[in-house]
Amino acid sequence: MNKILLLATFCLFHTVIFSQQSDYRNKIKGPKSLFGDRCKEYNNIVTSFPRDIRFDIVVLDRQIILTFPSEKHFKKLFDDSFDGVAVDIIDKNQYSCIDNNELLSAWPNRGLLLDPVFKNELLKYYVLTELNTVAVNIGFLPYSFEPENVECNLLVLQKKALCSYESTAGLEMESWALLNTGLYWDTIPRQQEEFSDRFFEKSITFKIPFNKNKSTYDSTDIKPLYDSLNVTDYEITDIWIKAYSSVEGTVKENDYLQFARAKSIIKALEKYQTNKIKPHIKTSENWSQFARSIRNTEFEFLRNLSKEEVKNKLFTDKILLNKIEPLLAKQRYAEIKLDLRLRKSILKNPDLLISVFDESIRDEDLDKAIKIQKHIFKEIKDRQLPARFINLLEIPEKSEFGPLFNNLLLFELDYKISNRKKIIEKFEEIEKFTPDSWKIKYNLLSLRIEEWANGDSTFNYDKVLYDQIQSLNSTPLDETLLARLKINYYLVLVQYHILNNEYDLKRDAIKKILAYYRNSSLNEDEIFSISKFLSFNSEFETAINILTPEVNKFGVSEDILFYYLRLYFVESGLTFNDNSKQLVRKAIARNKERFCQFFNSKSQGGASFQLRNSEFLNNIYCETCNDQNM
């Protein structure tokens, strides 16, 4: 009975749409005529536009607003009095798993066509927004439609001929970020340290294996390890634990087990000292080692399964679980780093600290001064000394003491004693008497680019920064860091070119980003960020290309997989090969609910319900999501 009701509603809706069509529908011409191509001039103009010059439509209080990023390019499109646009309202109710969408193959429109708006009205009533983009009202959404259930496609008319029918999927084109370039601290080689280690903090690292399902460790378990570390003269200030579990349990069980193991280790270690240990715990299922360990073994077939499928297989197949246990056992361990300081130190005396530091400055013993400075920073962070204590350390403004100034400013920034803009000003003063310090120059440039990205345009950054970055080419700076710095420079420069409508310059800057990208060792998150940036600038094909190796990796993040599919839906024209079909099924296996949200309207955060124009996606939708929607 429900199917009959749905079918009746579906047919009635189509009848209503057909009855409300604009009278102008039958006056629209095709692009071809006996005298040639009516759209040739339009196509030539559009082809000459930058890629991110494109129409978009938003619906605000039922007013249908056409937006366009460039006033100059907007005017080029409308020359004849019968050049214009028309809105085609597509409703989600046009789609059904019971019957075909008759309007899908209709011409010139697929939904409810509103009356066109031609050149004279477009050019008379458009306004420029605060972002210098064009906005013009081109129609009203009838009350028979629910705004959350519609999407508006656009017909572009040239001399009454239909030259373009435009519909785009909703994209997540924000949240890209600058690459992490880090900042250079000045340190000294350990073999050159003049003071004994017993006067300064140190760190040690080691690994602890875990027995299966064991989460409790007492002092007797830990004592042999503790004795072997030879740290009886020290107390532990911080412990950094990265606890790995094997993959066979549930995520919740594994998280609990890992965290319990870590807390138990800390509790056992604290019995050897009076002060509490500051914990830093990170837990993770050891999927990367699991994938490596089963390569070229009888268990390699598990690499083709999703994480959830692997867990289910190991849970249900006890014979397999027992056979693979020797490999799983090697994946249960913790990587531990202990930060230590002397239990009783002469350097706990603030007056003595200042005296020893002053002495190292008089003796021009930079290594000793850096070591003392580093110790003081640690004491301030541990609240053993007040932050104002660093003001008591007098450093002469001489080039040889540049590393001390460098570290001081980075500490002020890290400890939020000064904001980034103030630190930049201080670095600029220091650079005056340390012109040969490439570390100071690098740090200053990294901070300037960050400040520039946040809207500081107080001077001609594009010229000044470029020359200064180029000056680092002949320094010992790591090439990958230099490439990251250049990528960040061009990431920000692109945004300023957009604001100034300098589209050719913007395109050149994007080419530079791609060139330096190939010489950078980026992690998954950074590649994701670059892809978002490219999407934001309508470089969809390139964004897909740099993400393709990532989505085909074992254990790719869910966010990257779903973002990639949105891009693919836009760029592919809804055509699918075996690999893309497999990725769709992979997404369903990962998160069915999130996948089905793709088919919501763009205003509701979906990609587009018009994805169902694809026979493959419509079948997938009806098989997978039909319990949630018609």
The simple spin-label model distance between D578 and Y466, using points 7 Å out along Cα→Cβ, in nm, is 4.7
Average Cα contact separation per residue, region 447-539, under 8 Å, 6 or more apart, as relative contact order %
26
What does the charge dipole of the chain about its Cα centre add up to, to the nearest 20 debye, if the Cβ of each Lys and Arg holds +1 and the Cβ of each Asp and Glu holds -1?
1340
Give the cross-link partners of K40 among the aspartates and glutamates, using a straight C-alpha distance below 19 Å as the criterion and excluding same-chain residues fewer than 8 apart.
D79, D80, D83, E166
Ordering R303, R388 by the accessible surface of their heavy atoms, 1.4 Å probe, largest first, yields R388, R303
Say each of K381 and E400 gets a label point 7 Å from the Cα, pointing the same way as Cα to Cβ; how far apart are those two points in nm?
2.9
At a Förster radius of 41 Å, what calculated FRET efficiency corresponds to the Cβ-Cβ distance of V251 and E623, to the nearest 0.05?
0.95
Charge dipole of region 323-413 about the Cα centre (unit charges at C-beta), most positive-ward option of Q331, N406, S360:
Q331
Taking the Cα centre of region 489-613 as the origin and placing charges on Cβ (Lys, Arg +1; Asp, Glu -1), which of S538, A515, T575 is farthest toward the positive end of the dipole?
T575
Output for region 106-180: GluC sites (Glu not before Pro) sitting in coil per DSSP, at most 11 other Cβ within 10 Å, listed by number, reads E130, E174
Placing unit charges on C-beta atoms (Lys and Arg positive, Asp and Glu negative, everything else neutral), compute the dipole magnitude of region 360-467 about its Cα centre in debye, rounded to 20.
420
Select from A268, P108, I294 the residue farthest towards the positive end of the dipole of the chain; place +1 on Cβ of Lys and Arg, -1 on Cβ of Asp and Glu, and compute about the Cα centre.
I294
Lys pairs in region 472-630 with Cα under 25 Å (8 or more apart in sequence, or on separate chains) total 19
When the chain is fully extended, how far beyond the present Cα-Cα distance does N312 get from S557, taking 0.36 nm per residue of separation?
86.3 nm
Report, to the nearest whole %, how much of the accessible area of the chain belongs to carbon and sulfur atoms, 1.4 Å probe, protein only.
49
Which entry in (i) 37.1; (ii) 25.1; (iii) 30.0 is this structure's computed Kirkwood radius over Cα pairs in Å?
(iii)
May I ask you to list the chymotrypsin sites (Phe, Trp or Tyr not before Pro) in region 138-171 that are in a DSSP loop and have at most 15 other Cβ atoms within 10 Å of their Cβ?
Y143
Counting heavy atoms of the protein chains only and a 1.4 Å probe, report the per residue accessible area for the chain as a whole number of Å².
51
Stretched fully, the stretch from K32 through V58 gains (0.36 nm per residue minus C-alpha distance, one decimal, in nm) 6.3 nm
With all protein chains present and a 1.4 Å probe, the order of R341, R261 from largest accessible area down is R341, R261
How much FRET efficiency would the formula 1/(1 + (r/R0)^6) give for N275 and K426, where r is the Cβ-Cβ distance and R0 is 41 Å, rounded to 0.05?
0.70
May I ask you to list the residues of region 386-427 whose amide nitrogen lies under 13 Å from a point 7 Å from Cα along the Cα→beta-carbon direction of F433?
394-406
Put a dot 7 Å past each Cα toward the Cβ at Y125 and I204; how far apart are the dots in nm?
7.9
Summing -39500 (n - 2.57) over every DSSP H run of at least 4 in the chain, dividing by its residue total and rounding to the nearest 500, the 222 nm mean residue ellipticity is -14000 deg cm²/dmol
From the Cα gyration tensor of region 464-525, with a ≥ b ≥ c the square roots of its eigenvalues, which class applies: rounded if a/c is under 1.5, or else prolate if a/b is larger than b/c, or else oblate?
oblate
Express in nm, to one decimal, how much length is gained between R303 and K212 on full extension, taking 0.36 nm for each residue of separation and deducting their alpha carbon distance.
30.5 nm
R0 of 35 Å, Cβ-Cβ distance S81-S167: FRET efficiency to nearest 0.05:
0.85
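The values are calculated or read from the model by the stated rules, or taken from the named source; none is laboratory data. Values in this document were obtained by computation on a predicted structure and should not be read as measured data. Neighbour counts are summed over all protein chains in view; Cβ atoms, including those assigned to glycine, are modelled from backbone coordinates with ideal geometry. These accessible areas exclude ligands, DNA and RNA; they are computed on the full protein's heavy atoms, side chains included. Shrake-Rupley method; radii C 1.70, N 1.55, O 1.52, S 1.80 Å.
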